[in-house]
Amino acid sequence: METLVRRDALVRFGYALSDPTRTQILLTLRDGARYPSDLADDIGVSRQIVSNHLSCLRGCGLVVAVPEGRRSRYELADPRIGHALEDLTGLVLAVDPACCAASHDGCC
């Protein structure tokens, strides 16, 4: 597996967070490892959707699959990811409503 330079790692982290489902998966995994079926139930999406997003998150290097018999549970690849998410969720942003419309057609 390729080790990324800081900029590339941030780009991958940003890409992962650009989707609400991937963001919710990462936030859920802050509390500990989970099985895909449990993630799907908690987030309220299909198992196929969770599987697709977990594949993306694995490719970004943010989660790892830990085999357990016929199943795999997923966890954050590094505990620092959880700390970074905690820091980001604590941010208070001054948002320009004209920029970040609900349709996300603006600059955001």
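The values are calculated or read from the model by the stated rules, or taken from the named source; none is laboratory data. This is a predicted model, so every value here is computed, not measured. Please note: Cβ atoms are built from the backbone with ideal geometry, for glycine as well, and neighbour counts cover all protein chains shown.
Per-structure values
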| read-out | value |
| --- | --- |
| The stretch 29-68 - residue that is of a type in the set (Ser, Thr, Tyr) and under 19 Å from residue 12 (Cα atoms) and, of those, farthest from the chain's Cα centre (by Cα) | 51 |
| Tally of residues being surrounded by fewer than 12 Cβ atoms within 10 Å (Cβ to Cβ), at pLDDT 90 or above and of a type in the set (Gly, Ala, Ser) across the stretch 62-108 | 1 |
| Test for residue 45: is it surrounded by 15 or more Cβ atoms within 10 Å (Cβ to Cβ) and within 19 Å of residue 85 (Cα to Cα) | no |
| Any pair with Cβ under 8 angstrom, 6 or more apart, that starts in the stretch 56-70 at a residue that is in contact (Cβ under 8 Å) with a residue 24 or more places away in the chain and over 16 Å from residue 6 (Cα atoms) and ends at one that is in a strand (DSSP E or B) and of a type in the set (A, V, I, L, M, F, W, C) | 57/63; 63/76 |
| Evaluation of residue 21 against (1) modelled with pLDDT of 95 or more; (2) within 13 Å of the chain's Cα centre (by Cα); (3) within 15 Å of residue 75 (Cβ to Cβ) (one fails), failing number | (3) |
